[in-house]
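These notes are about the structure you will find just below.
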Amino acid sequence: MNFQDTAIAFVGGGNMATAILGGLLKKGLPAARVQVVEPWAEARERLSRDFGVAASEQAGPALAQANLVVWAVKPQTFRDAAAAVAPHARGALHLSVAAGITSDSMARWLGTERIVRSMPNTPALVGRGMTALFARAAVSAPDRALVEQVLAPTGATLWVDAEAQLDAVTALSGSGPAYVFYFIEAMTRAGQEMGLPAGTAQQLAIGTFCGASELARASSEPPSVLRERVTSKGGTTHAALTSMEQSGVADRFVQAMHAACKRASELGAEFGRDRPAT
């Protein structure tokens with residue numbers, strides 16, 4: 001099925017849903033084929049105003065028309081939202097962009113095995129995202145193709161074979177933009193301390209990250225080789241990298257990503273539990 005012929009329902013209307021929805025509409029999906037369930041009135045009004053889509057406060061029978069349901073809710077609200085949506089959307093393909101919630105939990109709550117779990121990142125807002133995907137066994141090849149079409153406007157996608165790998169994906173690319181922003185902030189601060197105006201320092205830092213990333217993407221050589229080519233022994237880059245190595249920056253950074261991976265696993269355990277029977 002082509003995404004332009006697909007009836008799509010979004011559960012949650014935040015930034016990630018907006019990025020996906022906006023991209024689909026630009027690519028030709030009719031607004032009439034989209035519905036959104038969003039409890040916040042302000043968000044509903046924004047979606048209706050900006051995109052011309054139908055937005056409702058609660059799940060209802062209209063969800064039965066959806067071929068695809070995109071889950072863009074916070075992990076802590078997923079279970080309650082699923083309870084309201086499940087009676088109306090068991091025949092749909094379900095795509096989750098919610099962090100941490102496992103496909104086992106989703107299958108149990110939604111009463112279906114046609115589930116794709118994804119981990120996008122915020123550059124999806126400008127069409128430069130990186131999204132990893134995991135499909136349960138019941139997801140067909142056409143289902144996978146539809147998911148790829150739906151996410152194409154947000155950037156690149158790749159499939160992982162084991163769902164457990166998504167915790168590592170969360171730590172690496174899901175949280176990764178924050179690490180980049182963190183280093184941009186640090187580089188900007190250093191530039192100011194060395195006498196540059198704040199705006200100039202920030203422009204240089206951002207431009208450097210953009211250019212280096214594009215070079216790494218375009219090159220057939222690994223980042224280690226590209227780094228070595230910039231690092232002349234006794235030069236300025238060598239002085240900076242030597243200082244980082246002496247401070248253990250790389251080891252601390254890897255340690256921080258392990259902490260993010262651990263937290264991703266904890267989220268699944270914390271919010272994926274069913275309520276005890278009463």
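In region 181-203, which residue that is among the aliphatic types (A, V, I, L, M) and surrounded by 14 or more Cβ atoms within 10 Å (Cβ to Cβ) is nearest to Ala260 (Cα to Cα)?
Keep residues of region 181-203 that are among the aliphatic types (A, V, I, L, M), which gives 184, 186-187, 190, 194, 196, 198, 201.
From the residues that got through so far, the ones that are surrounded by 14 or more Cβ atoms within 10 Å (Cβ to Cβ) too are 184, 187, 196, 201.
Details: Ile184: 20, Met187: 23, Leu196: 34, Ala201: 29 Å.
Once the filter is applied, the top-ranked residue is Ile184.
Tell me which residues, restricted to region 186-200, are of a type in the set (D, E, K, R) and within 32 Å of the chain's Cα centre (by Cα). Steps first, answer last, please.
From region 186-200, those of a type in the set (D, E, K, R) are 189, 193; that's our starting set.
Passing the criteria: only Arg189.
In region 209-239, which residue that is under 21 Å from Thr188 (Cβ atoms) and touching a Ser or Thr at 6+ places or on another chain (Cβ under 7 Å) is surrounded by the most Cβ atoms within 10 Å (Cβ to Cβ)?
Selected residue: Thr237.
Within region 32-45, work out how many residues are surrounded by fewer than 18 Cβ atoms within 10 Å (Cβ to Cβ) and in contact with a helix residue (DSSP H, G or I) (Cβ under 6 Å, 6 or more places away or on another chain). First the steps, then the outcome.
The initial filter retains those residues of region 32-45 that are surrounded by fewer than 18 Cβ atoms within 10 Å (Cβ to Cβ), namely 32, 39-43, 45.
Still in the list and also in contact with a helix residue (DSSP H, G or I) (Cβ under 6 Å, 6 or more places away or on another chain): none.
Number of matching residues: 0.
Restricting attention to region 153-180, which residues are touching a residue at least 60 places away in the same chain (Cβ under 8 Å) and either part of a loop (DSSP other than H, G, I, E, B) or surrounded by fewer than 17 Cβ atoms within 10 Å (Cβ to Cβ) (or both)? Walk me through how you get there before you give the answer.
Kept after step one, since they are touching a residue at least 60 places away in the same chain (Cβ under 8 Å), are these residues of region 153-180: 153-154, 163, 166-168, 170-172, 174-175, 179.
Glu163, Ser175, Tyr179, listed by residue number.
Considering region 46-86 alone, what residues qualify as being of a type in the set (Val, Ile, Thr) and crowded, with 19+ Cβ neighbours inside 10 Å? Full working, then the answer.
If we filter region 46-86 for residues that are of a type in the set (Val, Ile, Thr), which is where we start, we get 53, 69-70, 73, 77, 85.
Of everything in region 46-86, those that are of a type in the set (Val, Ile, Thr) and crowded, with 19+ Cβ neighbours inside 10 Å turn out to be Val53, Val69, Val70, Val73, Val85.
Tell me, which strands (runs of 3 or more DSSP E) lie completely within region 49-149 with 2 or more residues that are at pLDDT 95 or above and not acidic (Asp, Glu)?
On the way: elements: 54-56, 68-71, 93-96, 115-119, 129-135.
Here the list reads 68-71, 93-96, 115-119, 129-135.
Output the qualifying pairs, or none if there are none: Cβ atoms under 9 angstrom, residues six or more apart or on different chains, first residue in region 214-239 and free of Cβ contacts under 8 Å to residues at least 24 places away in the same chain, second residue surrounded by fewer than 11 Cβ atoms within 10 Å (Cβ to Cβ) and part of a loop (DSSP other than H, G, I, E, B).
As it stands, the answer is Ala216/Pro222; His238/Ser232, since those pairs meet every condition given.
The values are calculated or read from the model by the stated rules, or taken from the named source; none is laboratory data. What you see is a predicted model; the values in this text were computed from it and never measured. Positions of Cβ are backbone-derived with ideal geometry, glycine not excepted, and every protein chain shown enters the neighbour counts.
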